[in-house]
1. Relative contact order, percent, of the chain when contacts are C-alpha pairs under 8 Å separated by at least 6 residues?
2. Which of the helices in the chain, when you take each full DSSP H run, stretch at least 20 Å along the axis at their Cα atoms and have an average Kyte-Doolittle score of -1.0 or higher?
3. Counting other beta carbons within 10 Å of each Cβ, put Glu75, Glu121, Glu194 in order, fewest first.
4. Quick one: among Asn224, Asn192, Asn27, which has the greatest mean-square fluctuation in a GNM of the chain with alpha-carbon springs under 10 angstrom?
5. Quick check: pseudo-label points 7 Å beyond the Cα along Cα→Cβ at Asp84 and Glu199, how many nm apart are they?
6. So how many Lys-Lys pairs in the chain land under 30 Å Cα to Cα, not counting same-chain pairs under 8 apart?
7. Choose one answer from Leu120, Leu200, Leu170: the residue with the largest mean-square fluctuation in a GNM of the chain with alpha-carbon springs under 10 Å.
8. Checking the a/c ratio against 1.5 first, then a/b against b/c, what shape does the Cα gyration tensor give for region 209-255?
Amino acid sequence: MESLDRFDVTHLALSVDEDDIVTVTLNRADKRNALNAATIEELIDVFSNLPRMGARAVILRGEGTHFCAGLDLVEHHREDRRPDEFMHLCLRWHEAFNKMEYGGVPIIAALKGAVVGGGLELASSAHIRVADQTTYFALPEGQRGLFTGGGATIRVADLVGKARMIDMMLTGRVYKGEEAVNVGLAQYLVENSEAKALELAREAAKHPPLTNFAICSAISHMQNMSALDAAYAEAVVAGVVNTQPAARGRLEAFANKTAARVRPE
């Protein structure tokens, strides 16, 4: 893939391996990787371009002991923003997270420690979330006198349901461990979330890019459509993806019974 040197980042760290799997690291460990305005702009730049640069998959992680503690409340307090200023900041958060969810490159979030507030909004923009035993999820906006502004009403509510999200915001309820997996906040609970995220990224990177693009963008788009429109869109996407040249060898292997079989472990 293209070199990552084109990115001018301060609050993120970027690396790529031999399989074109990119690791994007939130690099503000002293702030528990809280998201300031500058970090959001870097996320927009990175996730606007990675799909066109040849990235096969992305691992999203946090430096230090926490994934992300959410909005940088110290910056927010210091800036003393007007309502319209904060509205535009929220729209930039939406821009960043939409680039992630709809960009077409598989994003696996390796979670640890705090996944709180805007950090949960960020994690919910990834396609797969892997938690470890230290990971905890919360939406403490109620106790801070705030309201979510980075897509929680869309993505977190979609993961856990409206009632659970309201409960989290009103009561400060914290989810962790198996309970967090059971309500949909993460798909995996492991000892080492980063090692598992890399394993999943390597598996996803084996697929044809067009297939991954469909999985990691079309499904989200179809969820926003009426059932009739989604059925039409699904048929169109399947027509393109299921006849791609990259799939022919795999279909031939299946027909010849040389392809790997789907079996429970």
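A short reminder: the numbers here are calculations on the coordinates, not readings from a lab. Keep in mind that what you see is a predicted model, and the values were worked out from it rather than measured. All Cβ positions, even for glycine, are placed from backbone atoms using ideal geometry, and neighbour counts span all protein chains on display.
1. 17
2. 37-53, 83-102, 227-241
3. Placing the least packed residue first, the sequence is Glu75, Glu194, Glu121.
4. Maximum among the listed residues: Asn224.
5. 5.3
6. 20
7. Its mean-square fluctuation being the largest, the pick is Leu170.
8. prolate
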